[in-house]
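S.K.: Following this message is one structure expressed as structure tokens.
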Amino acid sequence: MPLSIQNLTKTFQGFSALDAINLEVGDGEFLALLGPSGSGKTTLLRIMAGLDRPDSGTVDFDGEDFLAQTPRQRRVGLVFQHYALFRHMTVADNIAFGLKVRPRAQRPSKAAVAERVSELLRLVHLEGLEKRYPAQLSGGQRQRVALARALAIQPRLLLLDEPFGALDAKVRRELRRWLRHIHDETGVTTVFVTHDQEEALDLADRVAILNAGRIEQIASPLDLYQRPASAFVHDFLGGAVQLPGQVSDGELIVEGWRTRAPDGAPTGQVILGARGEDLSLADEGLETRIVSVSPRGFRTRVAVEIKGHMLDLDRPAHDPISDLAPGRTVRLRPDPIQLFKA
Ligand code: ATP
């Protein structure tokens, strides 16, 4: 594995920001670090970049000890949410900056820099804007310049910290697709920090979920969704309710509903996690009340209340649940039944 992190720990004034982190990132892989605010994502990225030092642990890249190298020696490309471009420099000069400050022996000729800049302008679809200044660009265009600048040095590792965080939802989605495309073209190993689950699941080959300085799970988006390792992961991916229950003698009791516990279920106090799309009408199931039904073209948004918990169900327009009137009490059965240890 090119990037290998072992037992990484970082404290700030006695506060544990990272606690025994182990993480491997494969060659050309796109990994997302996903977690709530304060979970340690930025701290981990800064240590990879060489902007911060861990208290203990190792960071190796292709067998080299990254911690013994300066940020420049590591040859990482960085893009932050507010990674200010140089305001007094044109787009072309911003992109060329990293090349011009390379150690003398590795510095390309003027002609080579110009060629690389136009190649990058094409890659990020900013041809024709090379003479503009950052103030003359939209937010999305600025982040594309920042990315081109990061890619100019042909980084061994591309690190992005909420690069689209300040942009509106539509531009964000566009840039997301485009970033994935650029990643696939360049094959650069990428670590992407976000607190937006949709963004992480959409973009990444694998997602590492951070919670309070620890990694809860590292898996592909599909695996995280189908086999969340903890109630935290299940909840953080969104669109779900969690209800306390009890398993004993192979039977699950949750909010008055009794059913056979699935094979391999934990026993004792448990948490039942149910996603909207896993629920269907049944004779036996969780007692729920339909709160509202809002048709939206091909889909219908049905809000239900389950013992004081609210859940939005996104259903097809022609679905038995979509046909129900608000106020009706119905039974909904989750399939699969996902249980976590309480
Ligand atoms: P966000 O999504 O809000 O950026 P994050 O997951 O990136 O959060 P970090 O910025 O890595 O979280 O911070 C992790 C924890 O470490 C937080 O509780 C933060 O307050 C603390 N922390 C980070 N940097 C410092 C610092 N320089 N001094 C003191 N505490 C810090």
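What follows is calculated from the coordinates using simple rules that are stated; it is not laboratory data. Remember, it's a predicted structure, so these values are computed and weren't measured experimentally. We place every Cβ from the backbone using ideal geometry, glycine too, and count neighbours over all the protein chains shown.
S.K.: Taking the highest mean first, how do the peptides 245-255, 223-233 order by number of other beta carbon atoms within 10 angstrom per residue?
M.R.: 223-233, 245-255
S.K.: Where does each of 317-327, 36-46 land if you order them by average Cβ count within 10 Å, highest first?
M.R.: Peptide ranking by packing, descending: 36-46, 317-327.
S.K.: While we're here: In nm, give the distance between the simple-model label positions of residue 82 and residue 68, each being 7 Å from the Cα along the Cα-to-Cβ direction.
M.R.: Here the modelled spin labels are 3.8 nm apart.
S.K.: Working out 0.36 nm times the residue gap between residue 75 and residue 55, then minus their Cα-Cα distance, what length gain in nm do you get to one decimal?
M.R.: 4.9 nm
S.K.: Note down the nm distance, to one decimal, between modelled labels 7 Å out along Cα→Cβ at residue 89 and at residue 202.
M.R.: 3.0 nm
S.K.: Please list, by residue number, everything in segment 28-57 whose backbone N is under 15 Å from a paramagnetic label point 7 Å out along Cα→Cβ of residue 19.
M.R.: Correct set: 36, 38-41.
S.K.: Straight distance only, please: which aspartates and glutamates reach the Cα of residue 170 with their own Cα at less than 16 Å, same-chain residues fewer than 8 apart left out?
M.R.: In chain and number order, the partners are 162, 196, 198, 199, 202.
S.K.: Once you put a point 7 Å from the Cα of residue 331 and another 7 Å from the Cα of residue 106, both along the Cβ direction, what distance in nm separates them?
M.R.: 6.7 nm
S.K.: OK, next. With both bridge residues required to lie in the chain, what share of the DSSP beta bridges run antiparallel, to the nearest 5%?
M.R.: Once the DSSP bridges in the chain are tallied, antiparallel ones form about 75 percent.
S.K.: Rounded if a/c is under 1.5, else prolate if a/b beats b/c, else oblate: with a ≥ b ≥ c from the C-alpha gyration tensor eigenvalues square-rooted, which is segment 250-315?
M.R.: Prolate.
S.K.: Oh, and also: Based on C-alpha coordinates, I'd like the Rg and Dmax of segment 11-53, in Å.
M.R.: 11.4, 36
S.K.: Please list the radius of gyration and Dmax for the chain, considering alpha-carbon atoms only, with Å as the unit.
M.R.: When restricted to Cα atoms, the chain yields Rg and Dmax of 24.2, 76 Å.
S.K.: Can you classify segment 208-342 as rounded, prolate or oblate using the Cα gyration tensor, where a ≥ b ≥ c are the square roots of its eigenvalues, rounded means a/c under 1.5, and otherwise it's prolate if a/b beats b/c and oblate if not?
M.R.: Oblate.
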